[in-house]
Every structure is written in C-alpha cells, then in structure tokens.
1. Provide the net charge surrounding PRO47, with neighbours chosen by a C-beta distance below 14 Å and charges set as Lys +1, Arg +1, Asp -1, Glu -1.
2. Give the long-range amide H neighbours of ILE34: residues separated by 5 or more places, or on another chain, with amide H under 5 Å away, using H modelled in the peptide plane at 1.01 Å from N.
3. Name the residues whose placed amide hydrogens come within less than 5 Å of the amide hydrogen of ASP155, ignoring near sequence neighbours (fewer than 5 apart) on the same chain.
4. Longest span of the chain, sites excluded, free of trypsin sites (Lys or Arg not before Pro) in DSSP loop with at most 13 other C-beta atoms within 10 Å?
5. Whole-Hz ³J(HN,Hα) for each residue in the range 11-17, computed from phi via Karplus 6.51 cos²θ - 1.76 cosθ + 1.60 with θ = phi - 60°, x for glycine and proline: what do you get?
6. Could you check the spin-label model distance between GLN119 and GLN140? Points 7 Å from the Cα along Cα→Cβ, value in nm.
7. To the nearest 500 deg cm²/dmol, what mean residue ellipticity at 222 nm is calculated for the chain from DSSP H runs of n ≥ 4 alone, each contributing -39,500 (n - 2.57), summed and divided by the residues?
8. Report the dimensions of the range 15-128 along its three principal axes from the alpha-carbon atoms, largest first, rounded to Å.
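Nothing in this text is a laboratory measurement; each read-out follows from the coordinates by a stated rule. All of these numbers come straight from a predicted model, not from anything done at the bench. As a convention, Cβ positions derive from the backbone with ideal geometry for all residues, glycine included, and neighbour counts pool all protein chains shown.
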Amino acid sequence: MKLQQESLYLIGFMGAGKTSVGNLLGDMCGLAVIDTDQVIEKQENMPIRDLFERHGEAYFRELETDVLQKLANGGAGAPAIITTGGGIILKEKNRQLLKESGRTIFLQCNPKVVVERLQQDTTRPLIKNKTIEEINHMYQMRLPLYLECAITSIDTSAQSIKEVAESIKLRMNI
Ligand code: S3P
C-alpha cells in the first residue's frame, strides 16, 4: 500500500534513528525517502559540520526551513518519507509546516542511549564536546516541541531499526 496523500515526517533527537528507520521504511513500502540534511549538504556541496563551521547555525536553520517549505509544498513530487534534522522543531514556522503538511512521527530515544550511540560521532556539531548533562538538557528543552508536532511517538531506545520501521508501517497503514 502507498501513502495516500500526505508525506510522512520522522522527527526526533540526534541518534534516535530517523535516517536509518526512514531508509528501511522506504524500502519496505516502495516509497521515496528524502532527508532534509542530505538535501542541504547536496545543495551547499559540503557536510553539515563544515556548514556550521563556515556559516554558523543560523544560516543552516534558514536553509533547513527553505527545504522543509519546498517539501511541504509538494516539492517531493509525490507523498514520501521525509527524515529531518533533530533541530527542525526549534522554529515555530517549521512546527506549523510539520503539523499542516503531513503525518509526523516522533522517534523518541532515551538521552543516555543517544549518548552511547553517538559517542564516536564527529559529524554533529551541536553535540561535539558536550557533556551527558548538557545533551540531556538539550533533549529536555526540545521534548515538548517534538511532542507538539507529532501525531504519535515511538520509543526507539530498546528496539531495532527493523522493529521501529515495522511498527510505523503498521500504525500508519502504509
Ligand atoms: C541537528 C541535528 C542534525 C543536523 C544538525 C543539527 C540538531 O541532524 O541537522 O547537525 O540541531 O539536532 P540529525 O538529527 O540527523 O543528527
């Protein structure tokens, strides 16, 4: 079965599994998968890490909103699975777009598990050199914003990518 009219957005904190789950779900359902970070990287021809370093977070956030706006206005061409950067919910405008243009699922993940998953990661500027307490604080600040946008949430802390993708497929009837 295909998505009927609306795209499916996956939101959640860094390391929650949005990209991995989205890719598997796309394969399972025969749907295109679009990752907002990858669109930005392609467009700017540089990794997110370098983009933050050279132009700063505010510049990245503007690009992120532009990409989301285009996708929300049908830029994907057909309903798709759209995976997003963990901070997409920070802007009110983005939250509106997520609420209005598709079905948004929050991939929840215990911050301790996030830290474990991202220990060796060097690609995410916002957690570089951060303590567990700081990451936990960022997570707690964002939590209400994720919940505001999502029609449902799935805890990925103790589940495999396959289990989460199957659960979404079932719950969203795709
Ligand atoms: C960010 C998350 C990253 C990326 C950027 C900022 C954030 O995406 O968009 O580094 O603010 O949480 P992932 O959630 O895919 O790591």
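1. -2
2. ILE81, ILE82, THR83
3. GLN108
4. Details: sites that count: LYS2, LYS128.
Result, exposed sites excluded: 3-127.
5. With coefficients 6.51, -1.76 and 1.60, one gets 10, x, 5, 3, x, 6, x Hz.
6. Those two pseudo-labels are separated by 2.4 nm.
7. Values: 8 runs with 91 residues, N = 174.
About -16000 deg cm²/dmol.
8. 36, 29, 26
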